[in-house]
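Reading through the structure tokens given below for one structure.
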Amino acid sequence: MTITPELIATHQLSQEEYDKIVALLGREPSYTELGIFSVMWSEHCSYKSSRLHLKKLPTESPRVVQGPGENAGIIDIGDGWAIAFKIESHNHPSFIEPFQGAATGVGGILRDIFTMGARPIAVMDSLRFGPLDDPQSGARNRRIVEGVVAGIAHYGNCFGVPTVGGECLFEPCYNGNPLVNVFALGVFKKDDIFLARARGIGNPVVYVGAKTGKDGIHGASMASAEFTEESKQKRPNVQVGDPFMEKLLLEACLEAMQTGAVVGIQDMGAAGLTCSTCEMGSRGGTGIEIELDRVPQRETGMTPYEIMLSESQERMLLVVEKGREDEVFKVFRKWGLDAVTIGTVTGDGLMRVREHGRVVAEIPSRELADEAPLYDRPHGIPRREAPMEAPPLPEVAPQDALAMLLASPDVCSKRWIYEQYDYTVRTNTTQGPGGDAAVVRIKETGTSVAMALDGNGRYCSLDPREGAKLAVAECCRNLSAVGAEPVAATNCLNFGNPERPEIMAQLVEAIEGMGEACKFFGTPITGGNVSLYNETLGEPIFPTPVLGIVGLMKTKAPVTVDFKNPGRKIVLVGGFGDCDETRFGGTQYAKTIVRQAWGLPPALDMDYEKRVQEAVREIVNEGLAESSHDVSDGGLAVALAECSFGPAGVGASVELAGGMRPEFALFHEGPSRVLVSTQNAERVAEIAARHGVEAPVIGETAASRLTVRESGEALIDCEVYALRTGWDQALERALRG
Amino acid sequence: MKFGVVVFPGSNCDHDAFYAVSQNLGQKAEFLWHDSARIGDVDAVILPGGFSYGDYLRCGAIAKFSPVMAAVKEFAAAGGLVLGICNGFQILVESGLLPGALIRNRGLKFICRPVKLRVETADSPFTSAACKGQTLTVPIAHGEGCYIADERTLDQLEAEDRVAFRYVENPNGSLRDIAGILNEGRNVLGMMPHPERAADPLMGSTDGLRVFESMLQAFAVETPARL
């Protein structure tokens, strides 16, 4: 086939990129080679727009065993054990086919974890959708939510990994471009880590798992372009997941690794066989030669192009020690899986693909994997639509505002979502969804891993740098609220089209802000994923960096959000904070009550934040806190209400300090604040003082009623259950349309 | 006492059941592979939760044909204790060891949450450590846990005191709120809730241990010398 400019364009390669390919090969590429380059050099696989800036992120600490560049990051958790974790996006497929798109998103990230030898023990999801009551796209958005949640449930539940938490927010900018970011975490012995490297010339290359079909061809390239009207026709590009096959693969791979005969292993995810062969060769400093006739195929007549680019799910590539193939094959047979030798490791550094013995592609592995184009795209001033000036604020009674906020889609209970996920399987979930952080114990050691996902596109749309910092701070605060020390992070950067300078500027600002905060809080980024071109018909999403941070704590029953007993002192560790009109514009109050965004996100003092978190961890770990909850979306009033929604139905009676407008005092979202209920307020005060943080006692827990007063006047005074019903059922109601 | 935990391809609560009886109950345990036609010297069999063979056809419909199930049937016929949890309950029903069927939840969605169960009889080797009428908090996690049977079967189950547990608040539409039933010989129990997930104080409830403790009591009465 002749390579025409049109063909190059349909492969989403620029003319310059094509010229680079020709120079690299010293000849024109074949059609198959063009396909291979197009996926490996797609934004999705090569990070060509973001690589330059990702280098600014901190990636090291004494705990980091494996930073970015492998299938997942790894950190040492002590006692000879380690955890592997990562977050990845599956945004584009989930819009085109919500159920399978989300399901295969879970499947892909799980494979990344067990490819390294770790057994997955937890999944979390960060989701963004368009509004459920949107006049034009509400019905479609509701279908997408139903599909995505059911897809995640289908895959995770069958695989047998608990989905322990996450977040879900709604904004019009996600109407045509929902976000599905999936986080997974696995555990293993430090000595059992496997890397995706092809080593040992002459070693056989073994293909395991599902057969290769025509599904998902060019999935990686699809994820690297904006959506247009035609995108819906790309449904065949979305793969279909088989969680049962994945479960078998998990058990078989972990068992095969125990034989000692596996040299290297990589899953076939984005860009399938292409990516796994060239990356394993590149990382191992070797080449790989494969014969396509030996690749198990789902249908006859597949071309080399299709086989190499297929993104069929549940497939793995292994390099096995020569002469020990049978040990590995025996394990796969036991689990009823196909395992076939399809090639060998070579010493020439080339990825050579044959069909019927004839060479159809021959490309230097390292150049293909690592010499992808790198762009320093122009970035000016970040795109911003909201005004700086605050509009006149409407007069709304605080109690009505609170009820509206609690029943708003962002703030309301996500029970409808998380009850569809099996969050107790594996009997490790000591704190499941609905809390500040999820906590999963490691049975083999006395350590538990706490984890949280946070991202706030609304803040980032007002100031991407500060918004990213706030996300890091909030994520760490969520971990601190359960007593865990944050140790490492993973990130998923969801942005619009990087070829637009105002979008690129958002990306750069967010990365720099995130880097600064991660460095400050001691949570290096060990891996993650960048998802660009999140635009439909030219409308970009909010800049949405999502952080996944893990923390460590001694295994014990975690402190939960809800008030347990009446008559306990309520301490606001960190104090009432501060707010003005400008800093109020990114709050949930602004969004739900004023129905606008303006100004700037809340101001963050990282040094103070760190001290608040240290104090809270100490308070929690000394056993002083009966409940603990960070103040975030919806501010103090919403946090107090959430603390009241526990099984005991214990409310609170609180007095505000005064000196701030009531709606600011109740609903501002200033960071560095955690609500704690305690029987020993003196000791809590001592600890807070030692860390130099304010910790006013703001009231007491009280049976069944929530009351908030300022200078004697009741701003909020109602029965807890009256607020609880709206909060508990809002999502289900909204989904009914 | 030695428990045998069956492992089907797709079982995913096998390790949890194993952990509950070995670590929380302190007894011996071993895994029984689905392909094996023999179950060896175990004193009780647990069919764990999960998605045996993917459950793409009908839950438990393939598992009933596995070699190990023939052995489990023999074991049950000889009076051996068999506990089926969640997918294990579905397999027992498909295998004809228990009557009725388990269909999709009333709301058509998977449900994971702790539920309250009422112990309906203490007269069984799975419930003797509890009291009749006692409430236990145990998690459920299933998409197809709605128990159905014809009226005559339901009447018979009740008349013969074979309803082991009922939901206090019915989550899935099960007829007569049934959460777990016994066979005629009272040595086979199928239940949708997961007692192995409520066997450790860290998991928020240890009520599920009553089931395993009952089995241990029954075994001690039967064979005091071997304990």
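The values are calculated or read from the model by the stated rules, or taken from the named source; none is laboratory data. Owing to the predicted nature of the structure, the values given are computational and were not obtained by experimental measurement. Glycine gets a Cβ as well: all are built from the backbone with ideal geometry, and neighbour counts include every protein chain shown.
Does segment A:69-120 hold any residues that are aromatic (Phe, Trp, Tyr), touching a Gly at 6+ places or on another chain (Cβ under 9 Å) and in a strand (DSSP E or B), and which are they?
A:PHE85
Hey, among A:LEU600, A:LEU636, which residue is over 29 Å from A:ALA557 (Cβ atoms), touching a residue at least 40 places away in the same chain (Cβ under 8 Å) and either in a loop (DSSP other than H, G, I, E, B) or not hydroxyl-bearing (Ser, Thr, Tyr) (or both)?
A:LEU600
Name the single residue, out of those in segment A:453-481 being of a type in the set (Gly, Ala, Ser) and touching a strand residue (DSSP E or B) at 6+ places or on another chain (Cβ under 6 Å), that is nearest to the other protein chains (Cβ to nearest Cβ).
Filtering first and then ranking leaves A:ALA481.
Looking at B:GLY145, B:GLY204, B:GLY180, B:GLY133, which is the one that is closer than 22 Å to B:PHE110 by Cβ and more than 14 Å from every other protein chain (Cβ to nearest Cβ)?
The match here is B:GLY180.
Checking A:LEU337 against (1) modelled with pLDDT of 95 or more; (2) within 14 Å of chain B (Cβ to nearest Cβ); (3) crowded, with 20+ Cβ neighbours inside 10 Å: exactly one of these is not met. Which one?
Among (1) modelled with pLDDT of 95 or more; (2) within 14 Å of chain B (Cβ to nearest Cβ); (3) crowded, with 20+ Cβ neighbours inside 10 Å, the lone unmet condition for A:LEU337 is (1).
Could you grab me the full set of residues in segment A:57-81 that are small (Gly, Ala, Ser) and more than 20 Å from the chain's Cα centre (by Cα)?
A:SER61, A:GLY78, A:GLY80
Could you tell me whether any residue of segment B:87-97 is farther than 24 Å from A:LEU250 by Cα, facing chain A (nearest Cβ under 10 Å) and touching a residue at least 40 places away in the same chain (Cβ under 8 Å)?
no
If B:THR153 meets every condition in (1) of a type outside the set (D, E, K, R); (2) over 21 Å from B:GLY133 (Cα atoms); (3) within 14 Å of chain A (Cβ to nearest Cβ) apart from one, which number is that one?
Just one mismatch for B:THR153, condition (3).
Any chance you could count how many residues in segment A:404-427 are of a type outside the set (D, E, K, R) and at the interface with another protein chain (Cβ under 7 Å from one of its Cβ atoms)?
6
Only one of these is in a helix (DSSP H, G or I) and modelled with pLDDT of 95 or more: A:THR725, A:THR701. Name it.
On the way: A:THR701 fails: in a helix (DSSP H, G or I).
Testing whether each residue is in a helix (DSSP H, G or I) and modelled with pLDDT of 95 or more leaves just A:THR725.
In this structure, does A:ALA407 turn out to be under 30 Å from A:ASP125 (Cα atoms), surrounded by fewer than 21 Cβ atoms within 10 Å (Cβ to Cβ) and of a type in the set (A, V, I, L, M)?
no
Can you go through A:GLU325, A:GLU291, A:GLU299, A:GLU306 and tell me which one is within 23 Å of A:CYS45 (Cα to Cα), surrounded by fewer than 22 Cβ atoms within 10 Å (Cβ to Cβ) and more than 27 Å from the chain's Cα centre (by Cα)?
None of the others qualify; the one that does is A:GLU306.
Restricting to segment A:241-250, name every residue that is within 8 Å of another protein chain (Cβ to nearest Cβ) and acidic (Asp, Glu).
Answer for segment A:241-250, where residues must be within 8 Å of another protein chain (Cβ to nearest Cβ) and acidic (Asp, Glu): just A:ASP242.
Please note which helices (runs of 4 or more DSSP H) are completely contained in segment A:445-550 and include at least 2 residues that are charged (D, E, K, R) and within 25 Å of A:GLY574 (Cα to Cα).
It comes to A:464-481, A:501-521.
Condition first: facing chain A (nearest Cβ under 10 Å), of a type in the set (A, V, I, L, M) and under 18 Å from B:ILE62 (Cα atoms). Now tell me which residues in segment B:5-37 satisfy that.
B:VAL7
When you scan segment A:478-494, how many residues do you find that are within 17 Å of A:GLY186 (Cα to Cα) and among the small types (Gly, Ala, Ser)?
So the count comes out to 2.
Of the residues A:GLY73, A:GLY35, which is of a type outside the set (Phe, Trp, Tyr), modelled with pLDDT of 95 or more and under 21 Å from A:MET268 (Cα atoms)?
A:GLY73
Can you find even one residue in segment A:432-440 that is buried (at least 23 other Cβ atoms within 10 Å of the Cβ), away from chain B (no Cβ under 13 Å) and part of a loop (DSSP other than H, G, I, E, B)?
Within segment A:432-440, one or more residues are buried (at least 23 other Cβ atoms within 10 Å of the Cβ), away from chain B (no Cβ under 13 Å) and part of a loop (DSSP other than H, G, I, E, B).
For segment B:44-64, check the following and say yes or no: at least one residue is without any contact (Cβ under 8 Å) to a residue 60 or more places away in the chain, part of a helix (DSSP H, G or I) and away from every other protein chain (no Cβ under 14 Å).
There is at least one residue in segment B:44-64 that is without any contact (Cβ under 8 Å) to a residue 60 or more places away in the chain, part of a helix (DSSP H, G or I) and away from every other protein chain (no Cβ under 14 Å).
Of everything in segment B:183-201, what is surrounded by fewer than 24 Cβ atoms within 10 Å (Cβ to Cβ) and within 14 Å of chain A (Cβ to nearest Cβ)? Give them in sequence order.
B:ASP200, B:PRO201
Checking the conditions here, which among A:TYR155, A:TYR207 is in a strand (DSSP E or B) and either at pLDDT below 95 or among the hydroxyl-bearing types (Ser, Thr, Tyr) (or both)?
That would be A:TYR207, the only listed residue that is in a strand (DSSP E or B) and either at pLDDT below 95 or among the hydroxyl-bearing types (Ser, Thr, Tyr) (or both).
Here are the criteria: (1) surrounded by fewer than 23 Cβ atoms within 10 Å (Cβ to Cβ); (2) free of Cβ contacts under 8 Å to residues at least 60 places away in the same chain; (3) more than 30 Å from A:GLU314 (Cβ to Cβ). Tell me which single one B:ARG106 does not satisfy.
All conditions are met except number (2).
Give the residues of segment A:136-156 that are within 14 Å of another protein chain (Cβ to nearest Cβ) and in contact with a helix residue (DSSP H, G or I) (Cβ under 8 Å, 6 or more places away or on another chain), sorted by residue number.
Selection gives A:VAL145, A:GLU146, A:GLY147, A:VAL148, A:VAL149, A:ALA150, A:GLY151, A:ILE152, A:HIS154, A:TYR155, A:GLY156.
Could you name every one of the helices (runs of 4 or more DSSP H) located completely within segment A:18-68 that has at least 3 residues being touching a helix residue (DSSP H, G or I) at 6+ places or on another chain (Cβ under 6 Å)? Full working, then the answer.
Working: elements: A:31-40, A:43-46, A:51-54.
It comes to A:31-40.
Restricting to segment A:554-573, and then to whatever is outside any strand (DSSP E or B) and surrounded by 19 or more Cβ atoms within 10 Å (Cβ to Cβ), can you tell me which residue is farthest from the other protein chains (Cβ to nearest Cβ)?
A:ARG568
Of all residues in segment B:128-149, which are outside any strand (DSSP E or B) and among the small types (Gly, Ala, Ser)?
If the condition is that a residue be outside any strand (DSSP E or B) and among the small types (Gly, Ala, Ser), then B:SER128, B:ALA129, B:ALA130, B:GLY133, B:GLY143, B:GLY145, B:ALA149 are the ones that fit.
Looking at the structure I just gave you, is B:GLY54 of a type in the set (Gly, Ala, Ser), buried (at least 23 other Cβ atoms within 10 Å of the Cβ), modelled with pLDDT under 95 and out of contact with any strand residue (DSSP E or B) (no Cβ under 7 Å at 6 or more places or on another chain)?
Here the answer is no, as B:GLY54 does not meet what is asked.
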